[in-house]
Amino acid sequence: MEATQTERQTCYRHPNRETGVSCSNCGRPICPDCMTSTSVGMRCPECARQTTKVRVGQGAFSTTAGKMPATYALIGINVIVFLIELAGGGAGQFSGGGSVIHDAGLRGPEVAAGDWWRIITGGFLHAGFLHLLLNMYVLYIAGRILEPGIGTPRFLGIYFVSLLAGSLGVLILDPNTVTVGASGAIFGLMAGVIVVARGRGVDQLAQQFGLFIVLNLVLTFSIPGISIGGHIGGLIGGAVAALLVIFVERRMSGRPAYTLEIVGILLMMAATFAGALAVAG
(Lines give C-alpha, C1' and ligand atoms only; values in the text may rest on other atoms or scores of the structure.)
Protein backbone atom coordinates (compact mmCIF):
# COMPACT_ATOMS: atom_id res chain seq x y z
CA MET A 1 0.00 0.00 0.00
CA GLU A 2 3.01 2.27 -0.10
CA ALA A 3 3.18 4.95 -2.77
CA THR A 4 5.88 4.56 -5.40
CA GLN A 5 7.61 7.03 -7.65
CA THR A 6 5.42 6.03 -10.57
CA GLU A 7 2.17 5.85 -8.57
CA ARG A 8 1.72 9.07 -6.60
CA GLN A 9 -1.16 8.93 -4.14
CA THR A 10 -3.09 11.81 -2.66
CA CYS A 11 -5.10 11.87 0.55
CA TYR A 12 -8.69 10.80 -0.07
CA ARG A 13 -9.93 13.70 2.08
CA HIS A 14 -7.40 16.28 0.88
CA PRO A 15 -6.74 15.66 -2.86
CA ASN A 16 -4.06 18.37 -2.98
CA ARG A 17 -1.82 16.54 -0.48
CA GLU A 18 0.50 13.74 -1.59
CA THR A 19 1.16 10.95 0.89
CA GLY A 20 2.97 7.65 1.21
CA VAL A 21 0.80 6.30 4.04
CA SER A 22 -2.42 4.31 3.64
CA CYS A 23 -5.08 3.24 6.13
CA SER A 24 -4.17 -0.19 7.52
CA ASN A 25 -7.85 -1.22 7.37
CA CYS A 26 -9.36 0.07 4.12
CA GLY A 27 -6.19 0.99 2.22
CA ARG A 28 -7.16 4.56 1.39
CA PRO A 29 -4.24 7.02 1.26
CA ILE A 30 -4.17 9.44 4.20
CA CYS A 31 -2.16 12.57 4.98
CA PRO A 32 -0.80 13.43 8.47
CA ASP A 33 -3.95 15.44 9.34
CA CYS A 34 -6.13 12.39 8.68
CA MET A 35 -4.00 9.76 10.42
CA THR A 36 -5.13 8.01 13.57
CA SER A 37 -2.51 5.95 15.39
CA THR A 38 -3.95 2.62 16.56
CA SER A 39 -2.45 -0.60 17.84
CA VAL A 40 -2.75 -2.08 14.34
CA GLY A 41 -1.19 0.82 12.45
CA MET A 42 -2.38 4.10 10.97
CA ARG A 43 -6.09 4.37 10.13
CA CYS A 44 -8.33 6.88 8.41
CA PRO A 45 -10.91 8.75 10.52
CA GLU A 46 -13.80 6.46 9.44
CA CYS A 47 -11.99 3.20 10.19
CA ALA A 48 -10.60 4.59 13.45
CA ARG A 49 -14.14 5.03 14.80
CA GLN A 50 -14.55 1.27 14.64
CA THR A 51 -11.86 0.85 17.33
CA THR A 52 -10.66 2.64 20.43
CA LYS A 53 -10.37 6.34 19.72
CA VAL A 54 -6.91 7.84 20.03
CA ARG A 55 -5.30 11.09 19.00
CA VAL A 56 -5.99 11.98 15.37
CA GLY A 57 -4.02 13.53 12.56
CA GLN A 58 -1.32 15.93 13.62
CA GLY A 59 -2.40 14.93 17.13
CA ALA A 60 -1.41 11.34 16.34
CA PHE A 61 2.12 12.65 16.37
CA SER A 62 2.07 16.07 17.97
CA THR A 63 3.74 18.18 20.63
CA THR A 64 0.63 17.97 22.80
CA ALA A 65 1.08 15.44 25.60
CA GLY A 66 -1.28 12.47 25.42
CA LYS A 67 -1.13 9.24 27.35
CA MET A 68 2.51 8.71 28.29
CA PRO A 69 2.69 6.38 31.31
CA ALA A 70 6.09 4.95 30.37
CA THR A 71 7.62 8.40 30.04
CA TYR A 72 6.44 9.38 33.51
CA ALA A 73 7.50 6.00 34.91
CA LEU A 74 11.02 6.29 33.44
CA ILE A 75 11.41 9.81 34.81
CA GLY A 76 10.24 8.59 38.21
CA ILE A 77 12.66 5.65 38.19
CA ASN A 78 15.59 7.89 37.27
CA VAL A 79 14.72 10.37 40.03
CA ILE A 80 14.35 7.60 42.62
CA VAL A 81 17.68 6.09 41.59
CA PHE A 82 19.30 9.50 41.89
CA LEU A 83 17.99 9.83 45.45
CA ILE A 84 19.45 6.41 46.18
CA GLU A 85 22.76 7.66 44.78
CA LEU A 86 22.66 10.59 47.20
CA ALA A 87 21.97 8.23 50.07
CA GLY A 88 24.92 6.12 48.96
CA GLY A 89 27.44 8.90 49.36
CA GLY A 90 26.67 11.55 46.78
CA ALA A 91 26.01 11.53 43.05
CA GLY A 92 28.64 12.62 40.62
CA GLN A 93 31.56 11.08 42.48
CA PHE A 94 32.94 8.35 40.22
CA SER A 95 35.27 7.10 42.91
CA GLY A 96 35.26 7.21 46.65
CA GLY A 97 31.97 8.50 48.05
CA GLY A 98 29.56 7.42 45.31
CA SER A 99 28.97 3.82 46.31
CA VAL A 100 25.99 3.30 43.99
CA ILE A 101 27.90 4.60 40.96
CA HIS A 102 30.90 2.54 42.06
CA ASP A 103 28.79 -0.63 42.23
CA ALA A 104 26.47 -0.09 39.26
CA GLY A 105 28.13 2.38 36.85
CA LEU A 106 29.15 1.08 33.45
CA ARG A 107 32.83 0.13 33.12
CA GLY A 108 34.36 -2.51 30.90
CA PRO A 109 36.63 -4.39 33.32
CA GLU A 110 33.82 -4.88 35.83
CA VAL A 111 31.45 -6.11 33.11
CA ALA A 112 34.14 -8.52 31.94
CA ALA A 113 34.50 -9.74 35.54
CA GLY A 114 30.83 -10.72 35.64
CA ASP A 115 28.96 -7.53 36.54
CA TRP A 116 26.71 -7.81 33.45
CA TRP A 117 23.96 -5.73 35.05
CA ARG A 118 26.09 -2.60 34.68
CA ILE A 119 25.17 -2.60 30.97
CA ILE A 120 21.62 -1.73 32.08
CA THR A 121 22.00 0.01 35.43
CA GLY A 122 24.51 2.53 34.09
CA GLY A 123 21.69 3.99 32.01
CA PHE A 124 19.69 4.89 35.13
CA LEU A 125 22.47 6.64 37.08
CA HIS A 126 23.47 10.31 36.83
CA ALA A 127 26.55 12.29 37.73
CA GLY A 128 24.83 15.17 39.48
CA PHE A 129 21.55 17.08 39.60
CA LEU A 130 22.15 19.09 36.42
CA HIS A 131 22.95 15.90 34.51
CA LEU A 132 19.69 14.37 35.71
CA LEU A 133 17.67 17.53 35.03
CA LEU A 134 18.85 17.91 31.44
CA ASN A 135 18.28 14.25 30.61
CA MET A 136 14.82 14.14 32.17
CA TYR A 137 13.79 17.31 30.37
CA VAL A 138 14.69 15.86 26.97
CA LEU A 139 13.08 12.52 27.94
CA TYR A 140 9.85 14.39 28.69
CA ILE A 141 9.95 16.36 25.42
CA ALA A 142 10.65 13.29 23.27
CA GLY A 143 8.31 11.08 25.27
CA ARG A 144 5.31 13.39 25.01
CA ILE A 145 5.63 13.25 21.22
CA LEU A 146 6.71 9.66 20.61
CA GLU A 147 4.82 7.59 23.18
CA PRO A 148 1.28 8.80 22.34
CA GLY A 149 2.09 8.53 18.65
CA ILE A 150 3.37 4.93 18.53
CA GLY A 151 2.06 3.45 21.77
CA THR A 152 3.73 2.53 25.03
CA PRO A 153 5.09 -0.94 24.08
CA ARG A 154 6.84 0.40 20.97
CA PHE A 155 8.13 3.40 22.90
CA LEU A 156 9.65 1.17 25.57
CA GLY A 157 11.14 -1.05 22.89
CA ILE A 158 12.93 1.90 21.28
CA TYR A 159 14.04 3.16 24.69
CA PHE A 160 15.68 -0.06 25.83
CA VAL A 161 17.23 -0.86 22.45
CA SER A 162 18.76 2.63 22.58
CA LEU A 163 19.94 2.19 26.17
CA LEU A 164 21.69 -1.10 25.38
CA ALA A 165 23.13 0.27 22.13
CA GLY A 166 24.46 3.25 24.07
CA SER A 167 26.16 0.92 26.53
CA LEU A 168 27.68 -0.99 23.63
CA GLY A 169 29.00 2.27 22.21
CA VAL A 170 30.57 3.17 25.56
CA LEU A 171 32.31 -0.18 25.85
CA ILE A 172 33.66 0.13 22.31
CA LEU A 173 35.06 3.68 22.59
CA ASP A 174 35.79 4.20 26.29
CA PRO A 175 35.62 0.93 28.22
CA ASN A 176 37.96 1.86 31.07
CA THR A 177 36.07 4.94 32.28
CA VAL A 178 33.03 4.74 34.56
CA THR A 179 30.08 6.01 32.52
CA VAL A 180 26.57 6.84 33.72
CA GLY A 181 23.50 8.54 32.34
CA ALA A 182 20.30 8.04 30.35
CA SER A 183 21.69 10.01 27.41
CA GLY A 184 22.13 6.98 25.15
CA ALA A 185 18.48 6.01 25.53
CA ILE A 186 17.37 9.62 25.11
CA PHE A 187 19.42 10.12 21.94
CA GLY A 188 17.69 6.99 20.66
CA LEU A 189 14.28 8.47 21.41
CA MET A 190 15.20 11.65 19.53
CA ALA A 191 16.27 9.54 16.56
CA GLY A 192 12.98 7.66 16.89
CA VAL A 193 11.01 10.90 16.67
CA ILE A 194 12.80 11.83 13.45
CA VAL A 195 12.36 8.42 11.81
CA VAL A 196 8.67 8.08 12.71
CA ALA A 197 7.91 11.70 11.80
CA ARG A 198 9.56 11.23 8.40
CA GLY A 199 7.72 7.97 7.90
CA ARG A 200 4.37 9.62 8.60
CA GLY A 201 5.04 12.70 6.52
CA VAL A 202 5.46 15.15 9.42
CA ASP A 203 8.62 16.67 7.95
CA GLN A 204 8.62 19.87 10.00
CA LEU A 205 8.79 17.94 13.26
CA ALA A 206 11.56 15.73 11.85
CA GLN A 207 13.55 18.82 10.85
CA GLN A 208 13.15 20.39 14.28
CA PHE A 209 14.42 17.31 16.08
CA GLY A 210 17.15 16.88 13.49
CA LEU A 211 18.49 20.32 14.35
CA PHE A 212 18.20 19.50 18.07
CA ILE A 213 20.27 16.33 17.58
CA VAL A 214 22.91 18.21 15.57
CA LEU A 215 23.27 20.79 18.35
CA ASN A 216 23.59 18.04 20.95
CA LEU A 217 26.18 16.21 18.87
CA VAL A 218 28.21 19.41 18.62
CA LEU A 219 28.18 19.58 22.42
CA THR A 220 29.03 15.89 22.64
CA PHE A 221 32.20 16.31 20.59
CA SER A 222 33.12 19.70 22.07
CA ILE A 223 32.81 19.24 25.84
CA PRO A 224 35.24 16.91 27.65
CA GLY A 225 33.74 14.19 29.80
CA ILE A 226 30.67 13.53 27.63
CA SER A 227 30.32 9.97 26.37
CA ILE A 228 30.63 10.02 22.59
CA GLY A 229 30.13 6.27 22.33
CA GLY A 230 27.00 6.34 24.49
CA HIS A 231 25.38 9.10 22.45
CA ILE A 232 26.27 7.71 19.02
CA GLY A 233 25.37 4.15 20.02
CA GLY A 234 22.00 5.21 21.40
CA LEU A 235 21.31 7.32 18.32
CA ILE A 236 21.95 4.39 15.99
CA GLY A 237 19.98 1.93 18.13
CA GLY A 238 16.93 4.19 18.35
CA ALA A 239 16.96 4.90 14.62
CA VAL A 240 17.11 1.20 13.71
CA ALA A 241 14.31 0.29 16.15
CA ALA A 242 12.12 3.11 14.83
CA LEU A 243 12.76 2.01 11.24
CA LEU A 244 11.33 -1.38 12.17
CA VAL A 245 8.20 0.34 13.55
CA ILE A 246 7.71 2.33 10.34
CA PHE A 247 8.39 -0.69 8.10
CA VAL A 248 5.77 -2.79 9.90
CA GLU A 249 3.30 0.10 10.05
CA ARG A 250 3.46 0.72 6.32
CA ARG A 251 3.53 -2.82 5.02
CA MET A 252 1.76 -5.05 7.55
CA SER A 253 -1.19 -5.18 9.93
CA GLY A 254 -2.76 -7.52 12.46
CA ARG A 255 -1.06 -10.31 14.40
CA PRO A 256 1.86 -10.86 11.98
CA ALA A 257 2.84 -7.22 12.47
CA TYR A 258 2.79 -7.60 16.26
CA THR A 259 4.90 -10.74 16.03
CA LEU A 260 7.47 -9.16 13.73
CA GLU A 261 7.83 -6.07 15.92
CA ILE A 262 8.15 -8.07 19.14
CA VAL A 263 10.67 -10.48 17.67
CA GLY A 264 12.60 -7.69 15.99
CA ILE A 265 12.87 -5.56 19.12
CA LEU A 266 13.87 -8.55 21.26
CA LEU A 267 16.53 -9.55 18.74
CA MET A 268 17.93 -6.02 18.73
CA MET A 269 18.06 -5.99 22.52
CA ALA A 270 19.70 -9.40 22.63
CA ALA A 271 22.23 -8.46 19.96
CA THR A 272 23.28 -5.21 21.63
CA PHE A 273 23.48 -6.82 25.06
CA ALA A 274 25.51 -9.76 23.71
CA GLY A 275 27.71 -7.32 21.80
CA ALA A 276 28.37 -5.32 24.96
CA LEU A 277 29.37 -8.48 26.83
CA ALA A 278 31.63 -9.57 23.98
CA VAL A 279 33.36 -6.19 23.72
CA ALA A 280 33.87 -5.97 27.48
CA GLY A 281 35.25 -9.49 27.61
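The values are calculated or read from the model by the stated rules, or taken from the named source; none is laboratory data. All figures in this text were calculated on a predicted structure; none of them were measured in a lab. With ideal geometry, Cβ positions are generated from the backbone for all residues, glycine too; neighbour counts draw on all protein chains shown. Ligands, DNA and RNA are excluded from the accessible area calculation, which covers all protein heavy atoms including side chains. Shrake-Rupley method; radii C 1.70, N 1.55, O 1.52, S 1.80 Å.
Computed from Cα positions, the angle between helix 183-199 and the longest principal axis of the chain comes to roughly 10 degrees. Normalised by the number of residues in the chain, the mean separation of alpha-carbon contacts (under 8 Å, six or more apart) gives a relative contact order of 20 percent. Against the chain, whose longest principal axis is taken from its Cα atoms, helix 129-150 shows a tilt of about 20°. Any chance you could give the angle, 0 to 90 degrees and rounded to 10, that helix 255-280 forms with the longest Cα principal axis of the chain? The angle comes out near 20 degrees.
With +1 on each Lys and Arg Cβ and -1 on each Asp and Glu Cβ, how big is the dipole of segment 79-234 about its Cα centre, in debye rounded to the nearest 20?
Details: 6 positive and 7 negative charges, 80 e Å.
Computed about the Cα centre, the dipole is about 380 debye.
Averaged per residue, segment 169-210 has 33 square angstrom of accessible surface, using a 1.4 angstrom probe with ligands and nucleic acids left out.
Exposed loop positions in the chain were taken to be GluC sites (Glu not before Pro) whose DSSP state is not H, G, I, E or B and which have at most 13 other beta-carbon atoms within 10 angstrom. Between these positions, the longest stretch is 8-281.
Across segment 25-31, rounded Karplus estimates of 3J(HN,Hα) from the backbone phi angles (6.51 cos²θ - 1.76 cosθ + 1.60, θ = phi - 60°) give 9, 9, x, 6, x, 9, 8 Hz, Gly and Pro being marked x. Per-residue accessible area (protein heavy atoms, 1.4 Å probe) orders 80, 194, 186 as 80, 194, 186, starting from the largest. Per-residue extension of 0.36 nm, minus the Cα-Cα distance of residue 203 and residue 172, leaves a gain of 7.8 nm for this segment.
Pairs of C-alpha atoms in the chain farther apart than 22 Å represent 57 percent of all such pairs.
Where does the chain land at 222 nm, in deg cm²/dmol rounded to the nearest 500, when only DSSP H runs of n ≥ 4 count, each adding -39500 (n - 2.57), divided by all residues?
Details: 11 runs with 169 residues, N = 281.
After summing the helix terms and dividing by residue count, I get -20000 deg cm²/dmol.
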